[in-house]
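Only one structure is covered here, and it is reproduced in the block below.
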Amino acid sequence: MRQVSDGPVLRLDHVSKTYPGSRKPALDSVSFEVAAGEFFSILGPSGSGKTTILRTIAGFERPDRGRVLMAGVDVTQLVPNKRDVRTVFQSYALFPHLTVAENVQYPLRMQGVSRPERARRSVEALEHVAMEGYATRLPHQLSGGQRQRVALARAIVSRPPLLLLDEPLGALDLRLRQQMQHTLVSLQKELRIAFVYVTHDQSEALSMSDRVLVMRDGRIAQLGTPLDLYYKPQSEFVAEFVGNSNMLPVDFEPDRESYVATIQGTKLPEMRSNVAGQGRVAIRYGHVKLEADDGCERRAGELAGVVENVLFLGTSFEVDVRCGALRIMSSVPASHAPGFVNGQTVKVAFDLTEARLFHG
Amino acid sequence: MASLAEAASAAEVKPRKRLALHIDPVRIPVYAWLLLIVVLPNLLLIAISFLTASNGRLNFVLSFGNYARLLGSAGFWRLLEATLEFSLIASLCGALAAYPMAYFVGRIAHRNKALLTILVLVPLWISLLMRVFSWRLILGQNGVLNSFLVTSGLLEQPSAAFLYTAASVVLTFAYVSIPFVFISCLNAFEKIPAALIEASEDSGASKFQTFCFVIWPLTRRSLAIGFSLAFLVTVGDYVTPSMVGGMNGTTLGVLISSQFGMANNWPYGAALSIALILCVGVVLAVVLWLCPARGVFSGDEGGAAKARTHATPSALTTLSGALFYALAIAFLYAPLLLMVLFSLNDSTLQSFPLQGFTWRWYEALAGNGGLIAAAQRSVIVAVCVVLASTLIGTGFALTLHYRRGPGSQLIELLLALPLAMPAVVLGIVMVLGTELVGVPSGLPRTVVGQASFIMPVTMLLVLTRLRRLDPSLMEASRDLGAGRFRSFVHVIFPLIRGAVISGALLGLTLSADDVMVTLFLSGPSQTLPIWVFNQMRFGFTPSVNAVFTILGAIALTSVVLSQVVVRLRTNALSDMPGD
């Protein structure tokens, strides 16, 4: 970690929450810690409970069971305005009747900070997000990206130890989103504020975070560093959600003293198991190798396929290959040379060194 | 040569184009209405205020005599002060009651919000005459308040100090004000996205600070507008003061109406009207200036937080809010219920204890020829006014929406002007207008007069609906091969039908209840409210209670009907985005 800390700035201890009128719990015994100055992301599909976690930390939802601790103090029953945490809302939630400067000064005004001090610190916060020239504008006179920056300035102006961000980049276009990712990371490093960042965009979570919490149906699916999640997903769900992976059904059939995996009747000699049965294997797009069908015999572990579709993604081509009833996606590095074309027959090989196998 | 021909044809086309830009033939009816119903009558009012009258006849000599007379008249200043004071205090009381009610319904109550809203608004549909009259039942010398005080031993004998005082006018005005302020504020409270409240609390603001720095600045403009509405409605009301005001409760409105009645001095009445309008304008400008609006919702503050959950208010807040709301509702409905009760009471006295159940007041109505004739006239007037207003209002709304041209906004404002005029002034303006164009006295005059303020209501309702439609719907329909007319029939009309129908029903109750404008125009052919009003001046029978109960029931039915229509429409369309 970047900072020698006395302890976690935030701890959730077996937090559970069921919304009134709903039978399924929104959060089911969720526990984790966030260290001071850490960039901590919560990743999951919509409805997985990630926003409920955020709202529970901010104090807008009371957990049914469990505790929320900040810097070691139990704040579970504390109202939002008594908590030392700020939120960047998904919708920005800028006050429409206040200027940019007044919006940014709002938390300071609530704390009773003197007027000159407020002015000084709001200018400073606006400088952090390069919005110092807009202090006298009203929110509706700003673009979406500018509103986003003002919301960020308002959240950091009182230097909270913990900042909550609820899909803050969701409404921005791709270029702005990439710019803001850099802004956020450098701001977070500079201010040493712990970020709890909610997103459903896996690339965003992986590229920015120190650690990522993957949520599914109100439970923790996995908690780890981006590298952990990417290379050692603990479940099919995480593998599919985090890395761009094909989930391929495999059968283990007896072969000599153990069992060998087969896909569509083709044996994969490199994948063996001690038990028989079915499973699913996660193979990332980039580990599916394609080769034009030259008419020669297929090597062991290779499938025959037909190219269905090719997307050019800039740094790579994404090729959709049909192998019998299966659809397999392959990522092929881009080059000037003509790649694959629709309807072409290809040989499909798998690099199984990082493939994850899930029995079941 | 070719270029010459081109130039020639261009020269030929150009003037035609410019002409078309100036007078769009589709907008001619709009201009005609504007001229005949709004502009000319009002100009006439101004013109006539500079004439004089002797023995009820106009002298066509320009003079400032009327203005000199009213400026020098102590009576005028006293009445003006009283008029503004009554309306200001009453609107303020109404605002003090309605603002917390709107806060409760808009931000605290979770369930039955539609019902809670309707309950406050229903009195708007109940005849004003009935509401004012019901206060007489309470405040009068034989009224409920007196009989309660005497029987409970607080008073030796019934007091005359309640009715026919300034206080009774203010009380009745405040009673009338509540729904206007409520509807205006409710909208503002509901529009505040939950995320803004959360952002404020997240920034460390307490509930009180959040109210002061976020909720109040975002709702004060609507409070001011509601206050202004209440002020306008009460300041132009000359019926209430004449019914409950007595000597000390007279207002400028009463004086103005008498210039067009018994005093028969039109020029002086016109000058008084203009003085009243100017004062009202100044008051409203000050009110709106005191409550500035700043910033615009950019539409993205709502976000997901709004759909999810409200921040749950504390039990104490909810309870005290509910209690306040219930008290206010009791205040709104008690007089009305009393009236229903007395209409079934077997006694000519309007006091407790009740003497037993009877239908005889209703039976008496059936044999009353004057009443039945008046009711028939009311039906004829209402049908004519509603038909005309709905057709013209819808047509004008479509014209203004789809044929926007230079000055559209001004035209819209001018068309709605009769709604923003004190009722007593509108009444005399319509007298002048119909006199000028030569509309025969009686029912035709009443129809024109009522349409002058009912047409704008239906037009504005339809226009609001049209503006909320996705503009690309019309384009999509044209793109898919439908012409303008077929696009209207198959796409636009089904979408605005709800607004048209509820506009018609609202127009129906407005027409059936109107006293202020009709009183000036009906002459001997009295409509039902006018007949009742005259009956009450000559003396009271409990049959009046019965008439009002029936009228109230009809009004309620049409409210419920229009709500059902709107509900059905919105349910059918609820899955449309941006709707």
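Quick notes
- Single match in B:R377, B:R360 (criterion: on the phi < 0 side of the Ramachandran plot, at pLDDT 85 or above and basic (K, R)): B:R377
- Out of A:A282, A:A304, one residue alone is in contact with a helix residue (DSSP H, G or I) (Cβ under 6 Å, 6 or more places away or on another chain) and part of a strand (DSSP E or B). It is A:A282.
- Residue match in region A:74-84 (condition: hydrophobic (A, V, I, L, M, F, W, C) and in contact with a strand residue (DSSP E or B) (Cβ under 8 Å, 6 or more places away or on another chain)): yes
- Residue in region B:145-165 that is within 14 Å of another protein chain (Cβ to nearest Cβ) and at pLDDT below 80 present: no
- Candidates B:V105, B:V61: the one that is out of contact with any His (no Cβ under 8 Å at 6 or more places or on another chain) and not assigned by TED's automatic domain parsing to the domain that holds B:V282 is B:V61.
- When we screen A:L176, A:L138 for residues that are within 14 Å of another protein chain (Cβ to nearest Cβ) and touching a helix residue (DSSP H, G or I) at 6+ places or on another chain (Cβ under 8 Å), the only hit is A:L138.
- Among the residues of region A:172-201, the ones that are assigned to a helix (DSSP H, G or I) and among the hydrophobic types (A, V, I, L, M, F, W, C) come to 7 in all.
- Any hit, region B:274-286, residues being of a type outside the set (V, I, T), surrounded by 24 or more Cβ atoms within 10 Å (Cβ to Cβ) and in contact with a Phe, Trp or Tyr (Cβ under 9 Å, 6 or more places away or on another chain): no
- If you go through region B:454-479 and pick out every residue that is touching a residue at least 24 places away in the same chain (Cβ under 8 Å) and either of a type outside the set (D, E, K, R) or surrounded by 17 or more Cβ atoms within 10 Å (Cβ to Cβ) (or both), you end up with 15.
- Being outside any helix (DSSP H, G or I) and closer than 30 Å to B:V120 by Cα is a condition met by no residue of region B:362-381.
- Each residue in region B:418-442 was checked for being part of a helix (DSSP H, G or I) and crowded, with 19+ Cβ neighbours inside 10 Å, and 13 pass.
- Residue match in region A:66-82 (condition: closer than 25 Å to A:L169 by Cβ, within 14 Å of chain B (Cβ to nearest Cβ) and out of contact with any Leu (no Cβ under 9 Å at 6 or more places or on another chain)): yes
- Single unsatisfied condition, B:Q141 versus (1) without any contact (Cβ under 8 Å) to a residue 24 or more places away in the chain; (2) within 14 Å of chain A (Cβ to nearest Cβ): (2)
- Qualifying residue in region B:496-512 (condition: in the same structural domain as B:L561 (by TED's automatic domain parsing) and under 19 Å from B:G370 (Cβ atoms)): yes
- Residue within region A:42-53 that is within 9 Å of chain B (Cβ to nearest Cβ) and free of Cβ contacts under 8 Å to residues at least 12 places away in the same chain present: no
- Residue-level check: of (1) out of contact with any strand residue (DSSP E or B) (no Cβ under 8 Å at 6 or more places or on another chain); (2) at pLDDT below 85; (3) buried (at least 20 other Cβ atoms within 10 Å of the Cβ), B:P335 misses just (2).
- Taking region A:83-123 as the range and being in a loop (DSSP other than H, G, I, E, B) and more than 9 Å from chain B (Cβ to nearest Cβ) as the test, the residues that pass are A:G112, A:V113, A:S114.
- Failed criterion for B:L232 (all others in (1) buried (at least 23 other Cβ atoms within 10 Å of the Cβ); (2) within 25 Å of the chain's Cα centre (by Cα) hold): (1)
- Within region A:124-135, restricting attention to residues that are over 21 Å from B:A195 (Cβ atoms) and assigned to a loop (DSSP other than H, G, I, E, B), the residue that is nearest to the other protein chains (Cβ to nearest Cβ) is A:A135.
- Long-range neighbours under 6 Å by Cβ, at least six apart or interchain, first residue at positive phi within region A:154-175, second of a type outside the set (S, T, N, Q): A:E167/A:V198
- Test: residue in region A:193-202 that is surrounded by 21 or more Cβ atoms within 10 Å (Cβ to Cβ), over 17 Å from A:K50 (Cα atoms) and modelled with pLDDT under 90: no
- Unique match (being touching a helix residue (DSSP H, G or I) at 6+ places or on another chain (Cβ under 9 Å) and at pLDDT below 90) among B:L426, B:L419: B:L419
- Taking region B:235-251 as the range and being within 13 Å of the chain's Cα centre (by Cα) and of a type in the set (V, I, T) as the test, only B:V235 passes.
- Residues located in region A:145-168, provided they are more than 11 Å from every other protein chain (Cβ to nearest Cβ), surrounded by fewer than 22 Cβ atoms within 10 Å (Cβ to Cβ) and of a type in the set (G, A, S): A:G145
- Unique match (being farther than 29 Å from B:A160 by Cα and under 22 Å from the mean Cα position of the chain (by Cα)) among B:L272, B:L284: B:L284
- Among (1) assigned to a loop (DSSP other than H, G, I, E, B); (2) buried (at least 16 other Cβ atoms within 10 Å of the Cβ); (3) out of contact with any Asp or Glu (no Cβ under 8 Å at 6 or more places or on another chain), the one test that A:F60 misses: (3)
- Some residue of region B:390-410 being within 23 Å of B:L506 (Cα to Cα), at pLDDT 85 or above and either assigned to a loop (DSSP other than H, G, I, E, B) or touching a strand residue (DSSP E or B) at 6+ places or on another chain (Cβ under 9 Å) (or both): no
- For region B:190-212, the condition holds for at least one residue, the condition being that it is more than 14 Å from every other protein chain (Cβ to nearest Cβ) and either crowded, with 24+ Cβ neighbours inside 10 Å or in contact (Cβ under 8 Å) with a residue 60 or more places away in the chain (or both).
The values are calculated or read from the model by the stated rules, or taken from the named source; none is laboratory data. The structure displayed is predicted, hence computed values, not measured ones. Counting neighbours? That spans all protein chains shown, and the Cβs are built from the backbone with ideal geometry, glycine included.
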